[in-house]
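Visitor: Got a structure here, written out as structure tokens. Questions coming.
The values are calculated or read from the model by the stated rules, or taken from the named source; none is laboratory data. On a predicted model such as this, the values are computed, not experimentally measured, just so you know. Every residue, glycine as well, gets a Cβ built from its backbone with ideal geometry; the counts of neighbours run over all protein chains shown.
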Amino acid sequence: MKRNFFLLFILSLFIPFFLSGCVPLIVGGAAAGAGAGTYYYVNGELKTDYNKSFDHVWTACEKTIAGMRGTEVIPDKEIARGTINATINNEKVKFYITYKLKNVTTVAIRVGLIGNKLSSQRLHDKIADNLAQD
């Protein structure tokens with residue numbers, strides 16, 4: 001009897017901690033996923049979707065790298081995805097370009113080894129500008 005009471009007491013202490021951590025994550029995830037043009041910064045990569053075809057977005061990424069005087073550019077393009085490695089302003093930059101739907105393409109950018117959100121945002125802004133010019 002004492003053992004069951006002790007287990008119940010311990011569980012009653014820890015359950016609120018587990019629930020309080022999960023609920024905000026679920027609510028925050030639903031709020032963050034709503035709407036187009038949402039940026040996600042996860043594990044050092046800033047990711048967003050563009051409402052353009054894969055080829056248009058790929059070209060916009062290449063123009064962005066060229067416009068920022070990127071060096072050591074190594075493109076690796078496949079059918080529905082590709083990566084572009086480059087050095088921009090003495091920082092290693094990696095573009096991950098992925099086909100999502102007919103006219104939706106996802107681009108994730110990592111600047112440096114652990115990521116730089118501000119620099120990645122600047123590159124996304126340049127990509128959006130290049131896409132607007134098409």
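Visitor: In the stretch 117-133, which residues are farther than 15 Å from Y40 by Cβ, of a type in the set (S, T, N, Q) and touching a strand residue (DSSP E or B) at 6+ places or on another chain (Cβ under 8 Å)?
Guide: Within the stretch 117-133, S119 is the sole residue that qualifies.
Visitor: Okay, moving on. Regarding I74, is this residue more than 17 Å from the chain's Cα centre (by Cα), crowded, with 16+ Cβ neighbours inside 10 Å, of a type in the set (V, I, T) and modelled with pLDDT of 90 or more? Outline the logic, then answer.
Guide: Values: more than 17 Å from the chain's Cα centre (by Cα): yes; crowded, with 16+ Cβ neighbours inside 10 Å: no; of a type in the set (V, I, T): yes; modelled with pLDDT of 90 or more: yes.
No, not satisfied.
Visitor: Further, regarding this structure: Under the condition of being under 16 Å from K52 (Cβ atoms) and polar (S, T, N, Q), which residue from the stretch 77-132 is surrounded by the most Cβ atoms within 10 Å (Cβ to Cβ)?
Guide: The residue in question is T105.
Visitor: Now for a different question. Taking the stretch 83-111, which residues are of a type in the set (G, A, S) and free of Cβ contacts under 8 Å to residues at least 24 places away in the same chain?
Guide: The one that is of a type in the set (G, A, S) and free of Cβ contacts under 8 Å to residues at least 24 places away in the same chain: A86.
Visitor: I've got another one for you. Any idea which residue in the stretch 42-61 is farthest from N85 (Cα to Cα), counting only those that are of a type in the set (D, E) and touching a strand residue (DSSP E or B) at 6+ places or on another chain (Cβ under 7 Å)?
Guide: D49
Visitor: Do you know which residues across the stretch 37-58 are of a type in the set (V, I, T) and free of Cβ contacts under 8 Å to residues at least 24 places away in the same chain?
Guide: Hits for the stretch 37-58 are T38, V42.
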